[in-house]
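Enquirer: This is the structure, below, for whatever I ask next.
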Amino acid sequence: MPNSNDTTFRNATIAVLVENEAGILARVVGLFSGRGYNIESLTVAPVDDNRRLSRITIVTSGTDMVIEQIKAQLDRLVPVHKVSDLTLEGPHLAREMMLVKVVGKGENRMEALRLADAFRARVVDATTESLVFEMTGAGDKLDAFIDLMRPIGLKEVSRTGVVAIARGASGLA
Amino acid sequence: MSATLQTQTEARTMTGAEIVLQALKDQGVEVIFGYPGGAVLPLYDALFQQNAIRHILVRHEQAAVHAAEGYARSTGKVGVVLVTSGPGATNAVTGLVDALMDSIPVICLTGQVPTHLIGNDAFQEADTTGITRPATKHNYLVKDIARLAGTVHEAFYVAKSGRPGPVVIDLPKDILIGKGPYAEAPQAPHRSYRPQTEPDAQMIRDAVALLKGAKRPVVYAGGGVINAGPEASRLLTEFVRMTGMPCTNTLMGLGAYPSTDPQFLGMLGMHGTYEANLAMHGCDVMLNIGARFDDRVTGRLNAFSPHSKKIHADIDPSSINKNVKVDVAIVGDAGRVLAALIEAWKAEAAQQDKAALAEWWRQIDAWREKRCLSYVQQGSIIKPQHAVRRLYEITREMGRDTFITTEVGQHQMWAAQYFGFEQPNRWMTSGGLGTMGYGLPAAMGVQIAHPDALVIDIAGEASILMNIQEMGTLAQYRLPVKVFILNNEYMGMVRQWQELLHGSRYSESYSAALPDFVKLAESFHAKGIRVTRAEELDAGIREMLAHPGPVIADIAVAKDENCFPMIPSGAAHNEMILAPGQTGGVAGVTDEGKVLV
Ligand SMILES: Cc1cc2nc3c(=O)[nH]c(=O)nc-3n(C[C@H](O)[C@H](O)[C@H](O)COP(=O)(O)OP(=O)(O)OC[C@H]3O[C@@H](n4cnc5c(N)ncnc54)[C@H](O)[C@@H]3O)c2cc1C
Ligand SMILES: Cc1ncc(C[n+]2csc(CCOP(=O)(O)OP(=O)(O)O)c2C)c(N)n1
Ligand SMILES: [Mg+2]
């Protein structure tokens, strides 16, 4: 429980470089649930096969003190190599990918294709009555696209969660 | 591959069980605490065929872990536990969490069903790594015998470096039976876990500048100083003496600073002394070294030491700014930090404000005048405080190296208040988890490590029943542990809270149907003593201490005594309740406070 004078609430996108081993995701997720931290999004994938490293990107929120605590707690997990607060450490890129299925015919279908074009979403599957769009972008842009598709015949959404990287020459590895 | 290399590798091929024991030996392990079962039979077979490592058979796996904790805390070494799969592992969980909360280095080897059966609900299968993930500093499931030796070595490194803690190694039976290569402990640094031990020089300078400018400084030292080894306690004493500052210890830090030293204010916190808590409240610069601003210590956070600049030295960055925001954060080992502080203090030209410090001491002495730990022993009914005080005085007279463990409750707090420690590693208590049943097995582990020392478990009659079966272990290994029960016929700490917070409704806190502890001792081949009158207390204590074997001394004490001073939950340091007859700020407990434990 933080100090009462710690009230500034913020979002943080945290990149964590970890040993690619069994149980590592459970450790990270267990840490968040056990200590009552928010997870808004979490993504993970191997990024370096030679060095057996995976990268986890976590979007979370909390007071400054809580976010500092989250980073310190992550950092003391034995298989964690590096923790970076992309939000704090300077400008960064955050992207999410999604697949959106829209079902409909006639004018609705045309409208979906027009909007997809405007949003730079790609058609990756099509039948006479359905379309699957693939779209990459910032979370709010994805949200906006979903909102527009809803009245047209939105059927299903699958999103990856955020991956992020710092701008410029510096790197985490 | 050349012929010689081949024979070398062949020579180093062993069964998994042999690999584990070899690695333990290479890590300097002399004793393990354990309990057998199907999944670990290969390890027990290998143990049978060697003499380097001694195995102590406990009576319950929880006790094995507490024994390892007592062993570790009293020696500074890593304690080692061996239990079987399923119930053996789950029984150990309380001990593991206890070690985690109190930063005690322990390795727990757990048996597991063979790898091909994992996930099949096999006989005595439990998801041990899943269950113990939040109960340990780290854990491993070994699925490849080629990595077995390396894993054991790594586990020792993890358990004892940085902030120490428990580590589980889950060992499927086929891994223990199979054959594989042995590897010595690696020389290379760990791939990812490299805690910082050397403090940052600028932070040390900032700390010294603050301390030199202080008018009302206080040093608040905790378990981290004990973790850092006896040299850190020596340096703490040196630093406090050279600076003339007052020093208080947490429950876990007792012994880090000599209790009889005039600069010692006693323990702080919920049941700490008046002078320690008011010094914390009124100080202008606080140096926290190896303590974690626990809620038992801080009381209500927004009223905690409101006017001070705070310096916090801790080896674990996650302890810093967790509960209390500090002004100077020093990451490093307490011993290294203290050495650096001493050096910088000498180098720093600025003078201390000696007049202000003298004035501060006058204030502290005025608080001491309150004599917050005074009690009146009158008549035949034994005051629990008096029992502990006499135990302390008589053991001091005898001059034997004395180790105290405790169970959890009022007796634990009275032990902390009335038994003094001049050295580190002599005081073993369950602070963070507050595990009833800790004291007896912990004492066992201490006695194994220090066969000639005097080891006393200061116990409550309720707590002692939680691991009473370990009397059997004492008998088997002729461990002369003394169990000193302050028998108030109540779960006294619970009763006290019910009295103060729940209208004296003593719901389920009476210790009904207690055993006859004298007969109980005798049935476990120990000596039993009962003392019911104050006049007989000293004789009873002397009889207990004189007996060469294990003893249970059942001391009937006042049933309704409360432990004071007390800062009620949710109250501030300056809202302490003192014993009746001593005046102080008396706080009402708010509803907000009642929510807290
Ligand atoms: C019934 C009951 C009542 C209690 N009442 C009180 C009370 O009145 N007062 C009290 O103080 N406690 C009390 N406690 C205990 C309390 O719950 C905590 O366990 C205790 O206060 C924590 O002590 P600590 O801050 O020294 O930290 P510990 O738990 O000992 O933690 C050690 C700290 O030091 C750090 N550290 C570890 N190794 C090193 C190193 N080598 N160098 C530097 N830092 C290191 C760790 O990272 C950690 O932050 C009570 C417990 C019970 C069960
Ligand atoms: C395993 C466990 N269960 C419950 C508690 C809660 N608890 C704390 S103190 C206490 C009473 C202890 O009674 P006793 O051992 O007689 O000690 P006393 O307070 O009377 O000295 C209880 C039940 C605990 N700390 N540990
Ligand atoms: Mg009792």
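Enquirer: How large is the Kirkwood hydrodynamic radius of region B:297-422, counting all unique pairs of alpha carbons, in Å?
Expert: The answer is 19.1 Å.
Enquirer: Taking Cα atoms of region B:68-141, Rg/Rh with Kirkwood Rh, to two decimals?
Expert: Using Cα coordinates only, the ratio equals 1.01.
Enquirer: Using a 10 Å cut-off on Cβ to Cβ distances, tally the other chain neighbours for every residue of B:319-326 and report the average as a whole number.
Expert: Mean shielding count: 5.
Enquirer: Moving on to the next point. Compute the helix-to-body angle for A:139-153: its Cα long axis versus the longest principal axis of chain A, expressed 0 to 90° and rounded to tens.
Expert: 30 degrees
Enquirer: Now a separate question. Using the Cβ atoms and a cut-off under 10 Å, what net charge is assigned to the surroundings of B:Val446, where Lys and Arg are +1 and Asp and Glu are -1?
Expert: Neighbour charge sum, excluding B:Val446 itself: 0.
Enquirer: OK, next. How far, in degrees from 0 to 90, does helix B:87-101 lean away from the longest principal axis of the Cα atoms of chain B, to the nearest 10?
Expert: The two axes meet at around 40 degrees.
Enquirer: For region A:73-173, what size does the Cα cloud have along each of its three principal axes, sorted from largest down, in whole Å?
Expert: 55, 27, 20
Enquirer: Something else now. Let me know the charge dipole size of chain B about its Cα centre in debye, to the nearest 20, where only the beta-carbon of Lys, Arg (+1) and Asp, Glu (-1) is charged.
Expert: Once rounded to the nearest 20, the dipole reads 740 debye.
Enquirer: What does the charge count near B:Pro36 come to, summing +1 for each Lys or Arg and -1 for each Asp or Glu among other residues with Cβ under 12 Å from its Cβ?
Expert: -2
Enquirer: Quick check of the Kirkwood formula: for chain A, what is the inverse mean of 1/r over all pairs of different Cα atoms, in Å?
Expert: Over chain A, the inverse of the mean reciprocal pair distance is 18.0 Å.
Enquirer: Moving on. Output the direction-averaged projected area (hull surface divided by four) of the convex hull of the alpha-carbon atoms of the protein assembly as shown, in nm². Write down the numbers at each step before the final one.
Expert: Details: hull surface 162.8 nm².
Here the figure is 40.7 nm², rounded to one decimal.
Enquirer: 7 Å from Cα along Cα→Cβ at both B:Glu369 and B:Arg147: what's the point-to-point distance in nm?
Expert: Using points 7 Å along Cα→Cβ, the separation is 6.7 nm.
Enquirer: In debye to the nearest 20, how big a dipole does region B:201-368 give about its Cα centre with +1 on each Lys and Arg Cβ and -1 on each Asp and Glu Cβ?
Expert: Using only the charged Cβ atoms, the result is roughly 260 debye.
Enquirer: Another question, if that's okay. Which whole number of Å³ per residue matches the convex hull of the alpha-carbon atoms in region B:544-584? Could the numbers behind the result be given before it?
Expert: Working: hull volume 6.0 nm³, N = 41.
So the per-residue hull volume is 147 Å³.
Enquirer: Can you tell me the Rg and Dmax of chain B, counting just the alpha carbons, in angstroms?
Expert: 24.9, 85
Enquirer: Hey, got the dipole for chain A? About the Cα centre, +1 on K and R Cβ, -1 on D and E Cβ, debye to the nearest 20?
Expert: Its charge dipole is roughly 180 debye.
Enquirer: Calculate, axis by axis, the spread of Cα positions in region B:201-368 along the three principal axes, and write the results as whole Å, longest axis first.
Expert: 36, 34, 30
Enquirer: So which of B:Lys160/B:Lys322; B:Lys25/B:Lys527; B:Lys25/B:Lys173; B:Lys25/B:Lys137; B:Lys137/B:Lys559 end up more than 31 Å apart, counting from Cα to Cα? Don't skip to the answer; put the middle values down first.
Expert: Details: B:Lys160/B:Lys322 23 Å; B:Lys25/B:Lys527 36 Å; B:Lys25/B:Lys173 21 Å; B:Lys25/B:Lys137 22 Å; B:Lys137/B:Lys559 40 Å.
Over 31 Å apart, Cα to Cα: B:Lys25/B:Lys527; B:Lys137/B:Lys559.
Enquirer: First select every other residue whose beta carbon is under 14 angstrom from the beta carbon of B:Leu486; then total the charges, Lys and Arg +1, Asp and Glu -1.
Expert: Details: positive: B:Lys383, B:Arg389, B:Arg390, B:Lys482, B:Arg495, B:Arg530, B:Lys559; negative: B:Glu407, B:Asp457, B:Glu461, B:Glu489, B:Asp554, B:Asp560, B:Glu561.
Net of charged neighbours comes to 0.
Enquirer: Mind checking the log10 I(q)/I(0) for region B:85-221 at q = 0.21 Å⁻¹? Debye, one equal scatterer per Cα, no solvent, two decimals.
Expert: After summing over all Cα pairs, the log10 values are -1.24.
Enquirer: Please state, as a whole number in µm²/s, the translational diffusion coefficient that the Stokes-Einstein equation yields for region B:365-461 at 4 °C and 1.567 mPa s, with Rh defined as the Kirkwood radius across alpha carbon pairs.
Expert: On the way: Rh = 14.4 Å.
The estimated diffusion coefficient comes to 90 µm²/s.
Enquirer: Taking every pair of alpha-carbon atoms in region B:464-597, what share in percent sits in each 10 Å bin, from 0 to the bin with the longest distance?
Expert: Final binned percentages: 11, 32, 26, 20, 10, 0.
Enquirer: I've got another one for you. Hey, if you put +1 on the Cβ of every Lys and Arg and -1 on every Asp and Glu Cβ in region B:2-181, which of B:Val80, B:Tyr140, B:Val113 ends up farthest toward the positive end of that dipole?
Expert: Comparing the listed Cα positions along the dipole, B:Val80 ranks first.
Enquirer: In nm², what is the average projected area of the convex hull enclosing the Cα atoms of region B:15-162?
Expert: Mean shadow area of the hull around the Cα atoms is 7.9 nm².
Enquirer: So what's the projected area for region B:384-556, the Cα convex hull averaged over all directions, in nm²?
Expert: Over all viewing directions, region B:384-556 projects a mean Cα-hull area of 9.7 nm².
Enquirer: Cα centroids of region B:461-539 and region B:266-314: how far apart, whole angstrom?
Expert: Taking the Cα centre of each part, region B:461-539 and region B:266-314 sit 33 Å apart.
Every number in this text was worked out from the coordinates using simple rules, so none of it is lab data. Computed from a predicted structure; not experimentally measured. Every residue, glycine as well, gets a Cβ built from its backbone with ideal geometry; the counts of neighbours run over all protein chains shown.
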